[in-house]
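Data first, discussion second: the structure below is written as structure tokens.
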Amino acid sequence: MVMRLSGIDALSLHTQSSETPAHTVTLAVIEASDQLSHQRLHQLVARSLPQLARFRSRLVTKPLGVGQPVWAEIDDYDPAPQIHCATVRAPGGRREFADLIADLSTGRQDCRTRLWEAWSINGLAGGRWALAVKMSPALNDGAAGAASLWPRLVSTGPRADPGNSLPSEPSLGSAPSVGELVIDVVSEIVENQVTGVWLIAETVSGVLRAVRGRLLGTGGRAAMAAAASSMSGPVPYTVFNAPLTTRRAVAFASIRLADVKTVSNAFGGSITNVVLAACTLSLRAWLQRHDKVPDGPLLMRMPFELPATDPPRIGKALTVGRLRIPVHLDDPVQVLANLHTATERLNAVRSCRNESAAATIDLDTIASLIPPTVAHVGMQLYTRSGLRHRLKPICHGSVSYIADEPVQAYCAGAKVVGMHTVTPLVEGSGLNIALTSRGDELDVSVCACPDNVPAVDDIATGIAHSVDILTAAAQESPRGQGRSVVTEMTSHPANRSRGRPPVRR
């Protein structure tokens, strides 16, 4: 039995272009050590990554391009041709390193010959090294692709070998014959017909439930109101919505996780909300310097856990939601309160949907119905017709925050001092912010198109500076003795107008 590429990963693979390559770059920055060399890092990659089934497999296209490609393990797989060396230009600082990673993140990969590449990188200031892995969207495995790399490359001790501590994944199967491909094509066509009927039935059923709820005065008004208040309103056009070019700019920063927890403890709310508030304040400052602060919030995509934890953990199932971040507000505590309300409402809406429907319609199901040729041609027509310039923006970018175990990480026997993920940009959504926790630090990665978004460094360093601002506010207002997300929500004019008395401390 053959295994097909998932719908979401296939859609990303077939709709990428030179302006919107869909690969992800993950990298670890490693402290200087006599044990490190290009050879040792290459051996680590060659031994560890092929343990993941998709990393030692290739994609097989079906006859006439009908249906999604299928996986096939490569016989006598040798990863050596996909592992390279690179050197950061002098003086090897954060800016020079970011420029190198930006170069690696541009250009499309040839998915017929290689789905991933890796680089051992030297020349960083202080004798540090780095290890970077560039992955095709076919390796995303939903949202878990990048996260699955860390346990294979880093360990919790200087002498531990991640290549030996985890078992190799079972094979995805050998290369299918022409007959097996034809059978799978017919099977996929039949499955798509059934799925199409099911989608129509689910849509009609949902409409009928909504009508019945309105007629009876029930049907989850609270959830719908939450969704409306959190997601309604126009999406302002900003430089983040400008057409992308082939160039990319990347910036890195790090913040102390203890400072984030200090803010969370002082004002209430989750660690995730504090991180989002820092991103919001940084973007507001950047817009004031380089563009114009919109009258309303920015709309960002954000992966959410199922089930949710604080902070979200690597390896959990993720779903992507949309969240408005209030860059139009200048008070840090009001920003925290706004984000606390938005994330709580989004969680309530997701819970309501999960409880009210045994079967849900997800994007992966819909994406699996789109033939590769249709997806590719459709994206080409959309790009070349100029339609993207006439449509209103639907999103500004994405923010992701995934936490690893709160312990020190090691790679090839040396201490890891940075863990970053550079995610691909999407047309009309030209800003990505990714945050990864590493022990007692939180590493920030920002990616944008420099032809639209100059001074990307200001956004990354601004997030770290915004945490300092929030920490200073927390020290002035200890928990229980001043403002909090609760007092801000209940004392807001919009809530007072509903007859809710302000909470006083």
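The values are calculated or read from the model by the stated rules, or taken from the named source; none is laboratory data. It should be emphasised that the depicted structure is a prediction, and the values quoted were computed from it without experimental measurement. Don't worry about glycine lacking a Cβ; one is built from the backbone with ideal geometry, like all the others, and counts go over all protein chains shown. We work out accessible area using only protein heavy atoms, side chains counted, and drop any ligands, DNA or RNA first. Shrake-Rupley method; radii C 1.70, N 1.55, O 1.52, S 1.80 Å.
Collect residues whose amide H, placed 1.01 Å from N in the peptide plane, falls under 5 Å from the amide H of HIS84; neighbours closer than 5 in sequence don't count.
Here the answer is ALA118, TRP119, SER120, since their amide H atoms fall under 5 Å of that of HIS84.
How would you rank 288-298, 36-46, 74-84, 459-469, highest first, on the average number of other Cβ atoms within 10 Å across their residues? Mind dumping the intermediate values first?
Details: 288-298: 14.9, 36-46: 18.3, 74-84: 12.2, 459-469: 21.1.
Ranked by mean Cβ neighbours within 10 Å, highest first: 459-469, 36-46, 288-298, 74-84.
If each residue of separation counts as 0.36 nm, what is the full-extension length gain between GLN35 and ASP330 once their alpha-carbon separation is subtracted?
Fully extending the segment from GLN35 to ASP330 adds 101.4 nm.
Quote to one decimal, in nm, the extra length available between GLN380 and ASN164 on full extension: 0.36 nm per residue of separation minus the C-alpha distance between them.
Length difference between fully extended and current span is 73.3 nm.
Suppose the chain between ALA258 and ARG114 were pulled fully straight at 0.36 nm per residue; how much longer would it get relative to their current alpha carbon spacing?
Full extension from ALA258 to ARG114 adds 47.8 nm.
Run the 1.4 Å probe and let me know the accessible area of SER33, rounded to the nearest 10 Å².
Number for this one is 30 Å².
Can you list residues from other chains, or at least 5 along the same chain, whose modelled amide H is less than 5 Å from the amide H of GLY439?
VAL407
What is the sum of charges around SER171, taking Lys and Arg as +1, Asp and Glu as -1, for the other residues whose C-beta is under 12 Å from the C-beta of SER171? All intermediate terms of the calculation are to be shown ahead of the outcome.
Values: positive: ARG54, ARG56; negative: GLU73, ASP75, GLU169.
Net local charge, SER171 excluded: -1.
Tell me which lysines have Cα within less than 23 Å of LYS261's Cα, excluding those fewer than 8 residues away on the same chain?
LYS316
Count charges around VAL250 for me, please; just the other residues with Cβ under 12 Å from its Cβ, Lys/Arg as +1, Asp/Glu as -1.
0
Give me the distance in nm between label points sitting 7 Å out from Cα along the Cα-to-Cβ direction at HIS84 and LEU391, one decimal.
It works out to 3.3 nm between the two label points.
Calculate the FRET efficiency for ASP75 and GLU476 from the Cβ-Cβ distance with a Förster distance of 56 Å, rounded to the nearest 0.05.
It comes out at approximately 0.30.
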